[in-house]
Amino acid sequence: MKNTIRQVFHSSKFLVGFIIFVAILLTVWIYPFFNPGNPLEMIGVGTFAKPGTYVSLYDALNTRTETLRLPDADHKRVSYLLSDADRVSMLEWFDIMDIDVSGLDATDTDALLDLWFKNYDPSVKPKGMTQAKRNFYKRLDKSVQQIRMADTLKVMHPEEGELVERSSVTKTDYVNVGDVANVKALPLGTDNFGRDVLKELVSATGTSIIIGLIAGIVATLIGLTLGLLAGYVGGLVDDIIMFITNIFTVIPSFVLLILISYSIGQEQRGATVVALVIGLTSWTWTTRSVRSQVISLRSRDHVNLSKLSGHSLVRIIVTDILPYIASYVVMAFILQVSSGILSEAQLSLLGLGPKTTVTPTLGLMMNWAMLYSAHTNGSWWAYFPVILTITLISFSLNLMNTGLDQVFNPTLRD
């Protein structure tokens, strides 16, 4: 046994896959200690807040400030308010108004702004320009005017029904983020419901792995039991089992998954129920593979010796056949786990996965991102990390399976 384990971990492919999978499991286990709470808690009022660190503006204004004169602060401020596309739009407006811009460099912010402030008039209606385009230039002008504002901004707050001046904020005032009472880091932003995507992703990964494990155990047990009986007993038992197996093989398992999941109903479809349904519809290829392995073993000398010794059917299967196919069963189980995770994702994309109000899964996160058009509005953080996680899990499991195959398959062994 120790020698077998040593051989397995000497396989570079198995070792890489094992490290990736263990790293995912450790993340799922450890992260909730640092960020506890309900992963489906809605912390954002809006949808798809982009990744970043969010600071309470109210608390920042009430935090002790320091004066910093950073040489590139004004440049960054102007670049943020005036993008390259805005500069091109300003040049287009000059061209429409027949204003001479020869020799003007669009990257020369001061010259561009001076020309804009001197010539732009929101009341002017250039010939041929649509109302939507004029509104665009009005919004652009408001953004540009912020660059021109005074160095001091007045902060007002309601008191006794009237707005009175409370304090002022200058462009050189800075606060230490560590001194702000409420700071929230969202490395992956929020989803369509305003939920922390990273927290949701970690919880969904754990749930999907559990679904895969349950589905893999169910499918492997059914396939192993039927395959052992069909391969060893043979005769009528083999014919009946293979007849049932062939029926399930002819009907695509995913079609069965859809029909069964639809018939169960949304409220009854928990993560465990979905895992059982996946396992009950994905045992056929394991049965056929185990049967072929057992047929090649049942006429071996040690099996015939057990028969002559009067050993029972169960004892012969458990002690004389099962140990010889144990490595194959482990590989089949790993593939079933990977298949179960992918099947749950497919079902959830169709809206037939676990109910959405209890716990997230990787498939449900993909479904929510698709329903709220995250892929079309540029909210990559709502779906790309999910795709990457599914890919890593499947890749690690299949890499482990390939490594085991190289160790136990004589034709592939170095």
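Please work out how much length the chain gains when fully extended from Asp84 to Thr376, using 0.36 nm per residue of separation minus the C-alpha to C-alpha distance, in nm with one decimal. Kindly include the intermediate steps, with their values, before the conclusion.
Working: separation 292, 0.36 × 292 = 105.12 nm, distance 2.26 nm.
Length gained between Asp84 and Thr376: 102.9 nm.
Going by alpha carbons, how many degrees (0 to 90, nearest 10) lie between the helix axis of 84-96 and the longest principal axis of the chain? For 84-96 against the chain, the angle is about 50 degrees.
Residues in the stretch 367-378 carry Karplus couplings, in order, of 4, 5, 5, 6, 5, 9, 6, 5, 6, 9, 9, x Hz; the curve used is 6.51 cos²θ - 1.76 cosθ + 1.60 with θ = phi - 60°, and Gly or Pro positions show x. With 0.36 nm allotted per residue and the present C-alpha distance subtracted, the Arg300-Lys127 stretch has 52.9 nm of extension available.
Overall size of the stretch 207-337 from C-alpha positions, given as principal axis extents largest first: 55, 29, 20 Å.
When the dipole is taken about the Cα centre of the chain, and only Lys, Arg (+1) and Asp, Glu (-1) are charged at their Cβ, what size is it in debye, to the nearest 20?
Numbers: 33 positive and 35 negative charges, 345 e Å.
Dipole about the Cα centre, nearest 20: 1660 debye.
In sequence order, the stretch 170-175 has phi-based couplings of 9, 5, 9, 7, 9, 10 Hz under the Karplus curve 6.51 cos²θ - 1.76 cosθ + 1.60, θ = phi - 60°, and Gly or Pro positions carry x. Here Lys142 is the anchor, and the aspartates and glutamates within straight C-alpha reach of less than 14 Å, apart from those fewer than 8 places off in the same chain, are Asp86, Asp121. For the stretch 300-414, the Kirkwood hydrodynamic radius from C-alpha pairs, put into Stokes-Einstein at 20 °C and a viscosity of 1.002 mPa s, yields a diffusion coefficient of 122 µm² per second.
Taken one residue at a time, the phi angles of the stretch 187-204 give Karplus couplings (6.51, -1.76, 1.60, θ = phi - 60°) of x, 10, x, 10, 8, 5, 9, x, 9, 4, 5, 5, 4, 5, 5, 4, 5, 5 Hz. Gly and Pro are set to x.
When the convex hull of the Cα atoms of the stretch 15-144 is projected onto a plane and the area is averaged over all directions, what value comes out in nm²? Kindly include the intermediate steps, with their values, before the conclusion.
Details: hull surface 64.9 nm².
Over every viewing direction, the Cα hull of the stretch 15-144 projects on average to 16.2 nm².
Want the number for Ile5 to Ile247: 0.36 nm per residue separation, take away the alpha-carbon distance, what's left?
Details: separation 242, 0.36 × 242 = 87.12 nm, distance 3.83 nm.
Result for the pair: 83.3 nm of gain on full extension.
Values quoted throughout were computed directly from the atomic coordinates according to the rules given, and no laboratory measurement underlies them. Owing to the predicted nature of the structure, the values given are computational and were not obtained by experimental measurement. All Cβ positions, glycine included, derive from the backbone under ideal geometry; neighbour counts span all protein chains shown.
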